[in-house]
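Encoded as structure tokens, the structure appears first; notes follow it.
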Amino acid sequence: MRSCIRAEMYKAFHNKAFFVSLAIGLTMAAADIVQNFIDMQGFPGPALSPGGYDGMSLFVNWIGLNAYTLGYKLLLFTWPLLAALPFGWSLFSENKSRYSNQIIARVGKSSYLLAKAAANFVAGGSVLFITVAADLLLNALVCPDCLPDVTLHVTAITSGYFLSEMYYTQPWLFCAIWSGVIFLWGGVTATVCLAAAQIFKHAAVVVIFPYVLYLVWTFAVSFISGLTEVTVELSPISLFSAAPYSANPAYVIFTEMAVIMLVSMAVLFICEKKHENI
């Protein structure tokens, strides 16, 4: 089992798709940093700004929550693709070539599938984590790390948001934890590709499927929210941000992650159990 996991991890982090996805993510982070730098150069100074330096704070302009830069918008609406691209196509590809049969003969089907799931999870999460962590550290060279003032309403984060009190008291720790949440979102999303590989017959569709699923989910919850009094954010795409338009309590974030992960793994193992050969 360990050797299988090591082999899958090596493949996940040593293929062109991983580096392409990471390069795209870092390009978005660079666009975010450049825009923040330009805005900072045009800042009139705390004496002329009602919010002082708070509006230019690192913890307001970080790509994990800033909501207005081009880099943020691109990342928000494409992150499921970035998570799926590094290794989401792997199971489909190995099934199609029958290469997976050789591995299963050595380690067993369950070990192979669990190793494949672990590699997908870590690769998908790592691309997003590296992107947002690099943005945070490099933006620290551009923006002051002012402690946000809750009375200025410079972000959407208020009572009811995940770790909202920590954001206004220990923002570095908040950003570190939220980077971990983003890693989990990337990992969970990448595992959706394992289920998609059992249904679709083209690698590109397998990689795109999580993004399409999340878009449909987003439109569905938007429609339902318009008819009901739902006051929390339910869209997986929006829950990537630390400051979506509606509250994002912990139970919503982690329940959705758990449901997506469990359903994906259930589809994977149920479908594979029906096949004599993978």
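The values are calculated or read from the model by the stated rules, or taken from the named source; none is laboratory data. Note that the coordinates shown come from a computational prediction; the quantities given were computed from them, not determined experimentally. Quick reminder, even Gly has a Cβ in these numbers, built from the backbone with ideal geometry, and neighbours come from all protein chains shown. We work out accessible area using only protein heavy atoms, side chains counted, and drop any ligands, DNA or RNA first. Shrake-Rupley method; radii C 1.70, N 1.55, O 1.52, S 1.80 Å.
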Exercise. From the residues ASN95, PHE219, GLN41, which one has its Cα farthest along the dipole of the chain in the positive direction, the dipole being from +1 and -1 charges on Cβ of Lys/Arg and Asp/Glu about the Cα centre?
Worked result: ASN95
Seminar exercise, completed: For the chain, the percent of accessible surface on carbon and sulfur atoms (probe 1.4 angstrom, ligands and nucleic acids excluded) is 70 percent
Seminar exercise, completed: If one builds a Gaussian network model of the chain from Cα atoms under 10 Å apart, the most fluctuating residue listed among PHE121, PHE77, PHE209 is PHE77
Exercise. Under the rule of -39500 (n - 2.57) per DSSP H run of 4 or more residues, summed and divided by the residues of the chain, what mean residue ellipticity at 222 nm is obtained, to the nearest 500 deg cm²/dmol?
Worked result: -22500 deg cm²/dmol
Exercise. When semi-axes √(5λ) of the Cα gyration tensor in Å is calculated directly from the model, which label among [x] 33, 19, 18; [y] 26, 25, 18; [z] 38, 20, 15 fits?
Worked result: [z]
Problem set entry | chymotrypsin sites (Phe, Trp or Tyr not before Pro) restricted to the stretch 229-278 and DSSP loop, no more than 12 other C-beta within 10 Å | TYR245
Exercise. Any idea how far apart THR151 and ARG6 come out in nm if each label point goes 7 Å out from Cα toward Cβ?
Worked result: 5.9 nm
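Under unit Cβ charges (Lys, Arg +1; Asp, Glu -1), what dipole magnitude, rounded to 20 debye, does the chain have relative to its Cα centre?
In debye, rounded to 20, the chain gives about 1580.
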Exercise. Chymotrypsin sites (Phe, Trp or Tyr not before Pro), restricted to the stretch 186-217: which are DSSP loop and have at most 12 other Cβ atoms within 10 Å?
Worked result: none
Problem set entry | Links that overshoot a 32 Å alpha carbon limit, given the list LYS16/LYS109; LYS73/LYS109; LYS11/LYS273 | LYS73/LYS109
Exercise. Taking Cα centroids, how far is the stretch 219-245 from the stretch 95-136 in Å?
Worked result: 30 Å
Seminar exercise, completed: Which of SER241, SER179, SER111 fluctuates most in a GNM of the chain (C-alpha springs under 10 Å)? That residue is SER111
Exercise. Against the longest alpha carbon principal axis of the chain, how many degrees, from 0 to 90 and to the nearest 10, is the axis of helix 70-84 turned?
Worked result: 20 degrees
Exercise. With the Cα gyration tensor of the stretch 104-232 giving a ≥ b ≥ c as the square roots of its eigenvalues, does the rule (a/c under 1.5 for rounded; else a/b larger than b/c for prolate; else oblate) give rounded, prolate or oblate?
Worked result: oblate
Exercise. Between THR218, THR78, THR228, which gets the highest mean-square fluctuation from a Gaussian network model of the chain, Cα cutoff 10 Å?
Worked result: THR228
Exercise. How far is it, in nm, from the label point at TYR245 to the one at LYS16 when both lie 7 Å from their Cα along the line to the Cβ?
Worked result: 4.0 nm
